[in-house]
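Quick notes on the structure that follows.
The values are calculated or read from the model by the stated rules, or taken from the named source; none is laboratory data. Note that the structure is a prediction, hence the values are computed from the model and not measured. A quick note on method: Cβ atoms are made from the backbone with ideal geometry, for glycine too, and the neighbour counts reach across all protein chains shown.
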Amino acid sequence: MSTLNADPNCIFCKIIAGQIPSRKVYEDDDVFAFHDIHPWAPVHFLIIPKRHIPSMAQVGAADQALLGKIMMLVPQLALEQGCEPYPQGGYRLVTNTGEQGGQEVHHLHFHVMGGPRPWLRG
Ligand code: 5GP
Ligand code: ZN
């Protein structure tokens, strides 16, 4: 499993390790997905690499396959979790990066938000 460089102080590394409970959406060797604890929308889950990458700012060429896998999972998991089909349905994909980008948890994550409006936020 690709958790070699897990950060012991990282809340999402603890979620991957099962040390903090979460509502799991998906898991494979490289990727974990779980429902956001404070959903903005009827569907709101996070997709994260198991490896502790702090943000998009640290992504490089070696991460191409990992990021490609995550992007491929977005439409599949969105529909499985109840987002309605494109184009009437759809979803929002968001990755906050750094302080000015509004990032609060410094383990790379992709928000997938969808479902009927109005949403709580966004
Ligand atoms: P950011 O602002 O960093 O893009 O988003 C972090 C997200 O993680 C927030 O939407 C927040 O609700 C979610 N979050 C923070 N702590 C936890 C937690 O312990 N469990 C779950 N499921 N989500 C969390
Ligand atoms: Zn982490």
Can you pull out the residues in region 26-51 that are more than 10 Å from ligand 1 (Cβ to nearest atom), crowded, with 16+ Cβ neighbours inside 10 Å and assigned to a strand (DSSP E or B)? VAL31, PHE32, ALA33, VAL43, ILE47, PRO49
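Conditions tested, residue by residue: (1) within 16 Å of ligand 2 (Cβ to nearest atom); (2) at pLDDT below 95.
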residue: VAL74; (1), (2): no, no
residue: GLN88; (1), (2): no, no
residue: ASN96; (1), (2): yes, no
residue: GLU99; (1), (2): no, no
residue: GLU104; (1), (2): yes, no
residue: GLY122; (1), (2): no, yes
Considering LEU108, LEU79, which residue is touching a Pro at 6+ places or on another chain (Cβ under 8 Å), in a helix (DSSP H, G or I), at pLDDT 95 or above and at negative phi? LEU79
Taking into account only those residues within region 11-25 that are of a type in the set (A, V, I, L, M, F, W, C) and over 27 Å from GLY115 (Cα atoms), which is surrounded by the fewest Cβ atoms within 10 Å (Cβ to Cβ)? ALA17
When residues of region 102-122 are limited to those that are free of Cβ contacts under 8 Å to residues at least 24 places away in the same chain and under 16 Å from the mean Cα position of the chain (by Cα), the one nearest to PRO54 (Cα to Cα): GLU104
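Conditions tested, residue by residue: (1) more than 16 Å from MET113 (Cβ to Cβ); (2) without any contact (Cβ under 8 Å) to a residue 40 or more places away in the chain.
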| position | (1), (2) |
| --- | --- |
| ASN9 | yes, yes |
| HIS38 | no, yes |
| VAL43 | no, no |
| PRO54 | yes, no |
| ALA65 | yes, yes |
| VAL74 | no, yes |
| PRO87 | yes, yes |
| GLY90 | no, yes |
